[in-house]
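A quick write-up on the structure given underneath.
Just so it is clear, none of the values below were taken in a lab; they were calculated from the coordinates. Note that the coordinates shown come from a computational prediction; the quantities given were computed from them, not determined experimentally. For neighbour counting, all protein chains shown are included, and Cβ atoms are generated from backbone atoms with ideal geometry for every residue, glycine included.
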Amino acid sequence: MLRRRIYDSLLVWKKQGATKSLCIVGARQIGKSTIARAFGEAEYKQTIEVNFISHPEYKEIFSAPNPESIFPALTAATQKTIIPNQTLLILDEIQECPNARTAIKFLVQDGRVDLIETGSLLGVGIQKVTSYPVGFEEILPMYPMDFEEFLWALNIPSETIDYLRQCFEQKKSVIQAVHDQMLSLFYLYMAVGGMPRAVQTYVDSLDLASVLTIQRSILDLYRLDISKFSDPKSQIRIQQIFDSIPGQLNAKNKRFKLSKINKTARTYQYDDSFLWLEAAGIALPCYNVTEPIYPLIFNENRPLFKLYFCDTGLLCALSGGTIQFELLKQNESINYGSLLENVFAQSLKSRNFNLFYFDVKTIELDFVVENNRQIDVIEIKSGQYFKKHASLNKIRAQNVWPIHQSYVFCRSNIETEDDILYLPYYMIIFYDQKKVGELIWKPDLSALMNLPDDLSV
C-alpha cells in the first residue's frame, strides 16, 4: 500500500478514544477506502467492512437505527464476529445508504465498535440524510497524494527529505545535483499527479501512457458522477464548468469567467453547479479578497474566484494533447503557469489552508495565505525572470498591509533578497500550518465580584 500522511491522523483519533465516528471525505479515487481498510487490519483485532455499492443488500440492515438489530444482522451478513472495543466497522460508500448515516449516532452511543465512514459525494447527498449525526461524527478531509507522498512512493530516502527540510528551515542552498533531480521529480509529479492508481501504475511500469489511461478513466468516472448524482437541471452546467477549467486557468489572470461558457450566463444560474463540484471534491475554488488582512474570510470577495482542479495530473489529462511529455522535457516554450498554480493550490489545500488570492487595480498576487493569524504572500514564477514581481514589490513598498513573509517559488535554488524568500517548487512540502499555542484569556471580573452593599443610585 502507498504510504499516506492521513494515517497519522487515524492513529491520533484512535489514541484519543475514537469517541466519535470518523468520516473521511474527499474526491473519488483518492484512496479513502484503501487507507481505512489498511488501518483496520493493522490496528484492530477485527475489521468489518460494509460496501454499499458492491453489496447493496446491506442497506436493509440499517433500515432501523437500532444497534441491537444492526449488529446481529451485520454479523450474519459478513460472517464476522464483533469483538467489543477491538473492532473497526468501516461503512464504505456511505452516500449510497442515508439510513446508515442516520444510524451513526446510535452506533457511537453503543460503543462496541469504532466507526469509520468513507465515501464520495457526501457533500452533495447530505439532503438525503434524515438525521445528521451532529456531535457524533468527526469530519476528516482527504486529498490526492501530495509531492512528499509521491516521493515516498518512489522510495526516496527519508534522509534526503530530512536534508531538504533542513535547507528550508535554515534557508541554505540545496546541493546543485540534488536540486536538479528534485526539480525533475516535481515536474514528473505534475504529470502523474496524486491519484493513487495513477501513482501506483507509474511506480510499477514507469509508463506514462498507462498513467494517462488511468487518469482518463478517472475523469470519465467524474463525468458519470455528474450525470448520476447531480440535479438533472444542473448536469449540463456542471459539465460545462468541468470541461472549461483548463481554458479558464490558462487565461491571463486565471479568474473564472462565465462568459467563456455562455455569453448570456448569469452567476445565480450556475451557483449550485459550482457548489456541487466543490462538495464533490473535484474543484478547488480560490476566492479574491478585498484586502490581505487577517482574517481573510472577512475580506472575501466571493463573486471573483479562480477554480482549480483537485489533481494536477488529472488537469494535464483534461487538457488533452501530450503536455505531460513537454513537462518532463521542461520545454520552456510551453506556458506552465496554470499547471504550476494548480499544483500549489492542491498542495496548500492538502495542508488545510483556505485558498485566497488578491487582485485589485495594479496588484495581483497568486496566493495570500493565513497562517496562525499572520498573512503570507506566495507568488509562483514559471520563467527564468523570477525576480521580476511588480505586484509583490508594490504591496511591500506601500507598507499598508501587515505581510508577514513573502515567498516566490521558482526553478532556482534557495535565496533570500530584500526579505523575499525564493524557494524551488518542491519546497512547498515544507510549508505547513504553524502550531497555535495555548489561547488562554482570563477576563477581569473584579468589578463584578466586589459590589458595594448599597447599590442605590
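What the table shows:
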| read-out | value |
| --- | --- |
| ³J(HN,Hα), Karplus 6.51/-1.76/1.60, whole Hz, each residue of the stretch 423-431, x for Gly, Pro | 10, x, 3, 5, 6, 4, 5, 9, 8 |
| The stretch 264-359: C-alpha gyration tensor shape, a/c 1.5 cut-off, then a/b vs b/c | prolate |
| Per-residue ³J(HN,Hα) for the stretch 268-273, Karplus 6.51 cos²θ - 1.76 cosθ + 1.60, θ = phi - 60°, Hz, x for Gly and Pro | 4, 6, 10, 3, 5, 5 |
| Calculated diffusion of the chain, Stokes-Einstein form, Kirkwood radius summed over Cα pairs, 25 °C and 0.890 mPa s, µm²/s | 101 |
| Exposed-loop-free span, longest in the chain, where GluC sites (Glu not before Pro) count as exposed if DSSP calls them loop and at most 16 other C-beta atoms lie within 10 Å | 1-331 |
| For peptides 261-267, 249-255, sequence by mean Cβ density within 10 Å, most packed first | 249-255, 261-267 |
| Straight-distance crosslink candidates among lysines, where the alpha carbon sits under 16 Å from Lys45 and sequence neighbours closer than 8 are dropped | Lys14, Lys15, Lys80 |
| Burial order of peptide ranges 30-37, 382-389 (average beta-carbon count within 10 Å, highest first) | 30-37, 382-389 |
| Neighbour-limited loop hits for trypsin sites (Lys or Arg not before Pro), the stretch 335-379 (at most 14 other Cβ within 10 Å; DSSP other than H, G, I, E, B) | Lys361, Arg373 |
| Label-to-label distance, nm, for residues given as Arg351 and Gln330 (7 Å Cα→Cβ offset) | 2.3 |
| Net charge of neighbours whose Cβ lies under 14 Å from the Cβ of Pro56, counting Lys and Arg as +1 and Asp and Glu as -1 | -4 |
| Reachable lysines from Lys329, criterion Cα separation under 20 angstrom, eight or more residues apart if same chain | Lys381 |
| Restraint check, Lys306/Lys349; Lys361/Lys394; Lys252/Lys349; Lys171/Lys387, Cα-Cα greater than 19 Å | Lys252/Lys349 |
| Three-way shape call for the stretch 6-141 based on the alpha-carbon gyration tensor, with the a/c threshold at 1.5 | rounded |
| Cα centroid of the stretch 323-384 to Cα centroid of the stretch 278-311, whole Å | 13 |
| Karplus 3J(HN,Hα) series, Hz, for the stretch 360-374 with 6.51 cos²θ - 1.76 cosθ + 1.60 (x for Gly, Pro) | 8, 6, 9, 10, 9, 10, 4, 9, 10, 10, 8, 9, 6, 6, 10 |
| Amide H partners (placed H, <5 Å) of Val25, local residues excluded | Leu140, Met142 |
| Amide proton proximity set for Thr47, modelled H, under 5 Å, gap of 5+ | Leu88 |
| Inter-centroid distance (Cα atoms) of the stretch 87-123 relative to the stretch 161-223, Å | 33 |
| Anchor Lys20: aspartates and glutamates whose Cα lies under 16 Å away (excluding residues fewer than 8 positions away in-chain) | Asp110, Asp114, Glu117, Glu137, Glu138 |
